[in-house]
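The values are calculated or read from the model by the stated rules, or taken from the named source; none is laboratory data. A quick note: this is a predicted structure, and the numbers were derived from the prediction, not measured. Cβ atoms come from the backbone with ideal geometry, glycine included; neighbour counts cover every protein chain shown.
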Amino acid sequence: MRARLWFYPDERKALMGKLQMLPERPLLRRGQAHTIAIRHQSRQHLQMDNDHLHIRRAGHGDVPELMALYQHLSPGDERPTDDEAISILDRFDRLEGSAIFVGEMNARLVGSCTLVVIPNLTRGGRPYALIENVVTHSEFRNRGIGKHLLGTASQAAWQAGCYKVMLLTGRKEQEVLDFYVSAGFEQSKTGFQKRLEACPVKLSDLLNI
């Protein structure tokens, strides 16, 4: 039996308004991509006017380059082995609606973000989504790549039935906060976190759970 989602009238109106503002895109599955023409206005980027950004779900073959891209997010960050990373990607495939999206330009990964769709027993059973690991290669920033990735992830969340999409940033710079606002997010909640700095459990053990 297919579950039916119920909305309060004001919630339905707000959600439909958001969906009408979104471009119609099919939900991306591994190996599928949509293409966005990247237009650069500044002189230093004029030579890139014919480049196109392809956004798709990450696959096994992306692992080495994706791990290198993450160094532009957290330089010196500990990385899993390629085999461990492939196992993690396979786990994402088993999480309905979740994905690691990558942006590709001229056969090179230039950006990525992770979408996790979380089942939920409130809001009429509608899930919610968390976006993490938003990164653009340092040589390709300020070109709209991150905003397109966030738009794709948000679209996938709406198509998965999510009633909200959340993200956190530890950055305090105003330009970073302005970037997320320009991507359609609002700074409306206070975030808290706990970190396990010295994990006594090996990653290989976690992957066997």
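Below is a table of values for the structure above.
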| item | result |
| --- | --- |
| Test: Lys147 is of a type in the set (Lys, Arg) and not in a helix (DSSP H, G or I) | no |
| Residues of the range 171-196 satisfying the condition of being aromatic (Phe, Trp, Tyr) and surrounded by 12 or more Cβ atoms within 10 Å (Cβ to Cβ) | Phe179, Tyr180, Phe185 |
| Test: Leu53 is within 27 Å of Val176 (Cβ to Cβ) and at pLDDT 55 or above | yes |
| Failed criterion for Ala85 (all others in (1) in contact with a strand residue (DSSP E or B) (Cβ under 8 Å, 6 or more places away or on another chain); (2) surrounded by 17 or more Cβ atoms within 10 Å (Cβ to Cβ); (3) not basic (Lys, Arg) hold) | (1) |
| Long-range neighbours under 6 Å by Cβ, at least six apart or interchain, first residue basic (Lys, Arg) within the range 120-135, second modelled with pLDDT under 95 | Arg126/Leu5 |
| Any chance Ile100 is in contact (Cβ under 8 Å) with a residue 40 or more places away in the chain, under 25 Å from Ala68 (Cα atoms) and assigned to a strand (DSSP E or B) | yes |
